[in-house]
Amino acid sequence: MSSIGSPTGAAPTDTGRAAATARGHLFNAGTLGRYRDVLARGVDRVARRVGEVDTPFTGVTPDELAPLIGGIDLDRPLGDTDAALDELHDVWLRDAVWFHHPRYLAHLNCPVVIPALLGEAVLSAVNSSLDTWDQSAGATLMERRLIEWTAGRIGLGPTADGVFTSGGTQSNLQAMLLAREEAYRRAVGGAATRPDRPQVLSRLRVITSAAGHFSVQKAAKLLGLAADAVLTVPTDATRRMRADELARTVERCHRDGEVVMAVVATAGTTDFGSIDPLPEIADICADAGVWMHVDAAYGCGLLVSPTRRHLLDGIERATSVTVDYHKSFFQPVSSSALLVRDGRALRHATWHADYLNPARAVEQGIPNQVDKSIQTTRRFDACKLWLTLRIMGPDAVGTLFDQVVDLAAQAWRRLDTDPRFEVAAPSQLSTVVFRYRPPGLAPDLADEANLHARDALAASGAALVAGTKVDGAHHLKLTLLNPETTVDDIAHVLDLIADHAAWYARTASAAELSCPVG
């Protein structure tokens, strides 16, 4: 008797029953009741946990969680939704880092708006893939409309185009890819004989500021540029790129026979929230015929600010721009985009595959987003931003961003008058860089006390702050992206930091006195 299947009318085999059970987990018209029930249970668990949270973190360590997660046998399913959710609580939800909590003040992670969460639920269920029209239909046109809207807010002009990406690092990578190809094209365009490509690439240089994002260096490495391809220019007292130093660096490159393929300006540095002098940089790039990229992953929230849009003046002259909606538009990860002034530049990311996006599709006017992207399969992340704009509107998003920028100014003023702390340059956005340094505390001990304070604060779970280095000295950083955070929250966290740092300084000083050298 054949083992392929049972005759019509015969009792189902064990294999058939298993297959039927497996099919019952698929989302389709026949499982809508299960879909509604299972998702409602998940939403209820998250809502219940968020309602219980009174600190942004539990302080759990990797050593505590690793045995629990490592001991789970993934080949033995629990077979029950509630049991799986119970387990999920133990391995993740219980100890998750909650960005919505007003005392989460660490990295560029924002609380998210409910319309975007609705978008996340919808896009995950439909599961469109934004690489080709025949996998996405209207989703393709919605993403294109949002790109058009963003380019309009920037002021890039009628030939602008772009594509959604996974984040600022990918956007910056793609921008550098396009800039590299354009620089190579120009370098070989007038040559009597086509020069060797590696020889041309070895001469390409990227210029950014000392406060720019590390993804610029990473992109240069991934793109096969020389080890010394990225040149950094110093910043001024407010941590903005010095335009005079940029001009000198561009001139030196030209004098030495190097090719400046791009200048990367930053509109919102990660540490200081500083915005480089975009009009002056645009002038230098225009005079030198250089690609100007603006990394506005953080500062893009100013595009919808009712009061601070002028801080981005000059961005409209950029060749390309990175925006991260999941930083300052209050969107869930991931939601980012790369915009270019001349949409034709995106051709450098195009590769036609006969099975997916054949060249004839372009002639037929079929809109395939994979022609613009360095990704193939790609989520409809634009859905989240679409629903946010259609339900809340851009002014509401901008108002939320304005609130955190106002809060950062208040926090800086408080720190600047507190004798326990030193502050770095005031931010144009919503970060505050500072350190515990009361009068008389030695520099080395101050470094150690600040490192200890950050670690002790995280271990307690009461609050989370970031850390960085400024001119070689360890500092702490408040990244304020939650409009629910108050000045009182910040004051409480500063008191905790001071207590932890002071304890360490006292303990270290006492230990040194009790163990004199020699």
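We did not get these values from a lab; they are worked out from the coordinates using the rules stated. A quick note: this is a predicted structure, and the numbers were derived from the prediction, not measured. Every residue, glycine among them, receives a Cβ derived from its backbone with ideal geometry; neighbour counts consider all protein chains shown.
A few points about this structure:
- All alpha carbon pair distances within the range 237-304 were sorted into 10 Å bins beginning at 0; the resulting P(r) in whole percents reads 21, 49, 25, 5, 0.
- Proximal charge balance of Ala453 [Cβ under 14 Å; K/R count +1, D/E count -1]: 0
- Long-range tail of P(r) for the range 425-474 (Cα pairs > 17 Å, %): 41 percent
- Convex hull of alpha carbon positions in the range 157-266: directionally averaged projected area 8.4 nm².
- Dividing the summed helix terms, -39500 (n - 2.57) for each DSSP H run of n ≥ 4, by the number of residues in the chain produces a 222 nm estimate of -14000 deg cm²/dmol to the nearest 500.
- The gain in end-to-end length when the Asp90 to Thr61 segment is fully stretched comes to 9.1 nm, 0.36 nm per residue minus the alpha carbon separation.
- When you work out D = kT/(6 pi eta Rh) for the range 245-359 at 20 °C and 1.002 mPa s, using the Kirkwood radius from C-alpha pairs as Rh and the Stokes-Einstein form, the result is 136 µm²/s.
- Cα-based Rg and Dmax for the chain, where Dmax is the largest Cα-Cα distance (Å): 26.6, 94
- Computed over the range 1-139, relative contact order equals 21 percent, with contacts defined as Cα pairs under 8 Å that lie 6+ residues apart.
- Stokes-Einstein D in µm²/s, Kirkwood radius over Cα pairs - the range 1-143 at 20 °C with 1.002 mPa s viscosity: 110 µm²/s
- Pairs of Cα atoms nearer than 8 Å and 6+ residues apart set the relative contact order; for the chain it is 20 percent.
- Fully extending the segment from Asp80 to Arg248 would add 53.9 nm, taking 0.36 nm per residue of separation and subtracting the current Cα-Cα distance.
- Summed residue charge, Cβ within 15 Å of Lys372's Cβ, Lys/Arg positive, Asp/Glu negative: -2
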